[in-house]
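Participant: Here it is, the structure, as structure tokens.
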Amino acid sequence: MAKIIGVSGNWLDDVSEHRLVNSYVRCISENGGIPIVLPVTDRVDIIREYCGMVDALLLTGGGDVDPKYWGEEWTEMSNKPSILRDMFDIALTRVAYESGKKTLGICRGMQAMAIVSGGTIYQDIYRQVGRGRVLGHSQKAVRSETSHKVLIDADSNMAKVMGCTAAMVNTFHHQAVRSVGDGCRITAWAEDGIVEGIEMIEKPMIGVQWHPEELFGEHEEHKHLFEWLINK
């Protein structure tokens with residue numbers, strides 16, 4: 001029986017509109033799963049119902065998270081946060097962790113995993129790490145092209161799932177995981193040291209900073225992430 005995968009929705013404050021890039025849906029359906037888009041809500045009771053009705057979760061990308069979630073003040077280094085989406089993503093990730101729901105976090109979704117574990121986020125890697133010390137992490141090439149390499153811990157679940165200890169990835173971010181908390185481990189890095197992958201130690205939850213939903217058609221190692229999520 002096909003697995004039902006809950007895909008977290010995006011929310012646009014300026015037009016009060018739910019929206020989701022189709023590649024998130026396609027990467028599930030074309031790998032044998034049934035994607036169900038989960039509308040953004042601030043009601044934790046509904047979020048718990050979401051987790052109960054699906055077999056696994058895909059936490060999607062999006063805008064910057066409010067730094068208050070890791071104990072910092074908002075600065076101009078962060079783009080304006082969405083109060084509703086932040087509440088939704090953090091609550092959904094926390095419920096997924098508590099229930100042990102299999103989860104793949106992509107970009108913002110990975111950062112939500114780090115925050116829930118007690119970790120922190122760079123508000124802007126170029127200013128906080130140093131522009132001369134980091135690669136270009138906001139590529140100009142189309143999303144289906146790769147632009148830099150990530151190195152994956154050979155002892156990680158991520159390496160086991162992807163079947164490799166290095167992979168070429170695409171990149172579209174200026175924020176990044178700075179640290180993770182208890183119960184979480186860093187599993188992948190760009191060659192400049194920026195964190196590119198994490199996983200929960202005792203939960204089936206993997207997070208990646210890149211966008212495998214744009215690469216799975218041409219790159220087998222990225223397809224394996226969705227096969228793992230769907231139990232294919």
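The values are calculated or read from the model by the stated rules, or taken from the named source; none is laboratory data. This one's a predicted model, so the numbers in the text were calculated from it and none came from an experiment. FYI the Cβ positions are ideal-geometry reconstructions off the backbone, even for glycines, and counts take in every protein chain you see. Ligands, DNA and RNA are stripped out before the accessible areas are found, and what is left, the full protein with its side chains, is counted by its heavy atoms. Shrake-Rupley method; radii C 1.70, N 1.55, O 1.52, S 1.80 Å.
Participant: Mind ranking 54-60, 73-79, 8-14, 223-229 by how tightly packed they are, going by the mean number of other C-beta atoms within 10 angstrom, highest first?
Facilitator: Ranked by mean Cβ neighbours within 10 Å, highest first: 54-60, 223-229, 8-14, 73-79.
Participant: Here is a further query. Please work out the average accessible area per residue across segment 172-223, using the 1.4 Å probe convention, and give it in Å².
Facilitator: 35 Å²
Participant: Sequence gap at least 6, Cα distance under 8 Å: using those rules, report the relative contact order of segment 78-232 to the nearest whole percent.
Facilitator: Once divided by the residue count of segment 78-232, the mean separation gives 28 percent.
Participant: Kirkwood hydrodynamic radius (Cα pairs, Å) of segment 86-130?
Facilitator: Taking the inverse mean of 1/r over all distinct Cα pairs, segment 86-130 comes out at 11.3 Å.
Participant: Pulled fully out, how much extra length does the chain show between residue 72 and residue 128, if you take 0.36 nm times their separation in residues and subtract their Cα-Cα distance?
Facilitator: 18.8 nm
Participant: Add +1 for every Lys or Arg and -1 for every Asp or Glu among the other residues with Cβ under 12 Å from the Cβ of residue 139, and state the total.
Facilitator: 0
Participant: I've got another one for you. Considering only lysines 8 or more places apart in sequence, or on different chains, count the pairs in the chain whose C-alpha atoms sit under 18 Å apart.
Facilitator: 18
Participant: How would you classify the chain from its alpha-carbon gyration tensor, with a ≥ b ≥ c the square roots of the eigenvalues: rounded for a/c under 1.5, else prolate if a/b is greater than b/c, otherwise oblate?
Facilitator: Here the chain falls in the rounded category.
Participant: Then there's this: Step through the residues of segment 19-27 one at a time and calculate ³J(HN,Hα) from phi using the Karplus curve (6.51 cos²θ - 1.76 cosθ + 1.60, θ = phi - 60°), rounding each to whole Hz and writing x for Gly and Pro.
Facilitator: 7, 8, 5, 5, 4, 5, 6, 5, 5
Participant: What is segment 34-122's relative contact order, in percent, from Cα pairs under 8 angstrom and six or more apart in sequence?
Facilitator: Once normalised by length, the contact order is 37 percent.
Participant: If you don't mind, there's one more thing I want to ask. Could you work out the local net charge near residue 4, counting Lys and Arg as +1, Asp and Glu as -1, over the other residues with Cβ closer than 12 Å to its Cβ?
Facilitator: Net local charge, residue 4 excluded: +2.
Participant: For the chain, give the magnitude of the charge dipole about the Cα centre (Cβ charges: +1 Lys/Arg, -1 Asp/Glu; no others), in debye to the nearest 20.
Facilitator: 160 debye
Participant: Once you list every other residue whose beta carbon is under 12 Å from the beta carbon of residue 187, what net charge do they have if Lys and Arg are +1 and Asp and Glu are -1?
Facilitator: So the surrounding residues net to -2.
Participant: Taking H placed 1.01 Å from N in the peptide plane, check which residues at least 5 places from residue 196 or on another chain put their amide H under 5 Å from its amide H.
Facilitator: 188, 189, 190
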